[in-house]
């Protein structure tokens, strides 16, 4: 499968339709945006976890514009919030697809379960769990979550607890989840599915302004992320354009050049 490089992230150049078809069997899917990519310049553990994913797809229209600036063609934007509904609609008649939703507040994740099942026409979301704040650092709670997932009939884990927590959690516990064959790291998607948060209008998403809509919706939470990611990101992209960018986790033994 063809990949394109944006800084030190290898993105699978794939369409939504191709990805959904490939996920029929199994796969771990991560959806990088600018914030992920900036974290991947600093967090070596996150970087190595990202390299283990089966599919790394372009979450952001901004990344598509950046790729074009770098003379790279990315086929399609595949955000987690688009992928997840496309996934459950694609497999709504496949009884082997049963989803465990992990993330958000208890009432929100339950609302998402009810709305998804109503749309699909069957109980495709078989179980949910709202983890406590900081759960990823509590091994006992993590093992309780593993047991909940294993005791359900789920074959798909959709986890939305933010990056890098969701990706790191998948990497750490996926081998203990014997029935799960598809792992989707979906960020804020559970909130969107519940109707707790509204997505930007389609036209804003299509022209790359979804970030602005989210910033205006949650300014206190997001302003630092967008301010402190945007300027360093643009600087690094210019470095890549000029062939001056160096992967901070360059591994000579694997022959990585950027």
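May I ask you to verify whether residue 63 is at pLDDT below 95 and assigned to a helix (DSSP H, G or I)?
Against the criterion (at pLDDT below 95 and assigned to a helix (DSSP H, G or I)), residue 63 qualifies.
Looking across segment 64-101 at every residue that is free of Cβ contacts under 8 Å to residues at least 60 places away in the same chain and farther than 21 Å from residue 24 by Cα, the one that is surrounded by the most Cβ atoms within 10 Å (Cβ to Cβ) is identified as 68. Taking the criterion of being farther than 16 Å from residue 139 by Cβ and out of contact with any helix residue (DSSP H, G or I) (no Cβ under 7 Å at 6 or more places or on another chain), the residues of segment 175-187 that qualify are 181, 182.
Count, please, the residues in segment 96-127 that happen to be under 18 Å from residue 178 (Cα atoms) and part of a loop (DSSP other than H, G, I, E, B). Within segment 96-127, residues that are under 18 Å from residue 178 (Cα atoms) and part of a loop (DSSP other than H, G, I, E, B) number 3.
Looking only at segment 79-95, count how many residues are within 16 Å of the chain's Cα centre (by Cα) and assigned to a helix (DSSP H, G or I).
So the answer is 9.
Summed over segment 16-42, the residues that are under 17 Å from residue 81 (Cα atoms), assigned to a loop (DSSP other than H, G, I, E, B) and modelled with pLDDT under 95 give a count of 1. Taken over segment 199-248, the criterion of being crowded, with 16+ Cβ neighbours inside 10 Å and at pLDDT 75 or above is satisfied by 229, 233, 236, 237, 240, 245, 247. Right, residue 4: crowded, with 17+ Cβ neighbours inside 10 Å, assigned to a strand (DSSP E or B) and over 14 Å from the mean Cα position of the chain (by Cα) or not? In short, yes. One residue is enough: does segment 164-173 have a residue meeting the conditions outside the structural domain of residue 20 (by TED's automatic domain parsing), under 28 Å from residue 51 (Cα atoms) and outside any helix (DSSP H, G or I)? Looking through segment 164-173, at least one residue is outside the structural domain of residue 20 (by TED's automatic domain parsing), under 28 Å from residue 51 (Cα atoms) and outside any helix (DSSP H, G or I).
Evaluate segment 159-172: report whether one residue or more is within 17 Å of residue 98 (Cβ to Cβ) and buried (at least 17 other Cβ atoms within 10 Å of the Cβ). Yes.
The values are calculated or read from the model by the stated rules, or taken from the named source; none is laboratory data. Just so it is clear, the structure is predicted and the values come from calculations on it, not from any experiment. Counting neighbours? That spans all protein chains shown, and the Cβs are built from the backbone with ideal geometry, glycine included.
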